[in-house]
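Comments concern the structure below.
The values are calculated or read from the model by the stated rules, or taken from the named source; none is laboratory data. Just so you know, these numbers come straight off a predicted model, no measurement behind them. Cβ coordinates were reconstructed from backbone atoms using ideal geometry, including for glycine residues, and neighbour counts include every protein chain displayed.
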Amino acid sequence: METHTGQPETHHRGTAGLTEPPADYAARALTWSAWLLGIMALLTLAFGVVILVEPSITLSTLAVLVGIYLLVSGVIDLAWAIFGSHESRGLVAVFGVISVVLGVLLIRHPTHAVSAVGLLIGLWLLAAGLLRLVRTFFEPGNRIWSFVLAVVESGFGVVIVSDPNIGVKTLALIIGIALIVTAISMGLMVWAILAVRNAPADSVGAAGA
C-alpha cells in the first residue's frame, strides 16, 4: 500500500472550524500516517508469516490470502485518497483501484495456472514499487526507507514475472519473504515518520533532503 507524509504549507481548518496552524496540522498528519503505516506493516507481516510457514499451501489458498491482502490494502488506499489532502491523491487512488481489482481476481482465481496467479502478483509488486519510487521524491523525512521499500517490491516483482515456470511452493516462498521484508521496511518508515514529527521545526527541511 501507499501512504503520504507530506507537510502542507497553508493553514487548515480543524474540526471546530478554527484555523489550524500549519505545524499542528503537519504533526497530526504525520501521526495519522505513522499509525496507518504501522497497521499495514503488522497486517503485511501477518500475511507474510502465514504464507511462509505453511509448507503445503495450495495455489487456491495462496491466491485467496494474497487477494484478501490486496483488497484490504486497496480499500485503505482509496480511503486515504478520498479523505487525505496530499498532492498525490490521484496516484494513490489509481493504485488503490488496481489493488482492489487484482485482489478480487485472485480471490476468485478464475484460472488454476500458477503462472497466471504469479503474473498478477508480480505485476502488482512491480506497480507498487514503481509508484513508491515516484513518490519517494515527494516524501519528506523517510525517503531512504521509502526508496528501499520501492526497490524491494520492484525486485520481487521482477523475480516472479520473469519466471513463467514458477512452482506453487517457490511462488509462496517468494511472496512470503517479500511481504515480511516489506513489513520490516514499513516499520522503518514509521520510525522515520515519527522522527520527523518529533524533530524541531527548523530541522524538518533538512531531514527531508
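Annotation note: of 101, 159, 75, the sole residue that is closer than 30 Å to residue 194 by Cα, among the hydrophobic types (A, V, I, L, M, F, W, C), modelled with pLDDT of 85 or more and out of contact with any Leu (no Cβ under 7 Å at 6 or more places or on another chain) is 75. If you check 86, 109 for being surrounded by 14 or more Cβ atoms within 10 Å (Cβ to Cβ), modelled with pLDDT under 85 and either closer than 29 Å to residue 170 by Cβ or in contact with a strand residue (DSSP E or B) (Cβ under 8 Å, 6 or more places away or on another chain) (or both), only one passes: 109.
To keep it simple, each residue is scored yes or no on (1) modelled with pLDDT of 70 or more; (2) under 12 Å from the mean Cα position of the chain (by Cα).
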{"residue": "152", "(1), (2)": "yes, yes"}
{"residue": "180", "(1), (2)": "yes, no"}
{"residue": "191", "(1), (2)": "yes, no"}
{"residue": "204", "(1), (2)": "no, no"}
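Looking at residue 67, is it within 24 Å of residue 190 (Cβ to Cβ), in a helix (DSSP H, G or I) and at pLDDT 85 or above? Spelling it out, it is not the case that residue 67 is within 24 Å of residue 190 (Cβ to Cβ), in a helix (DSSP H, G or I) and at pLDDT 85 or above.
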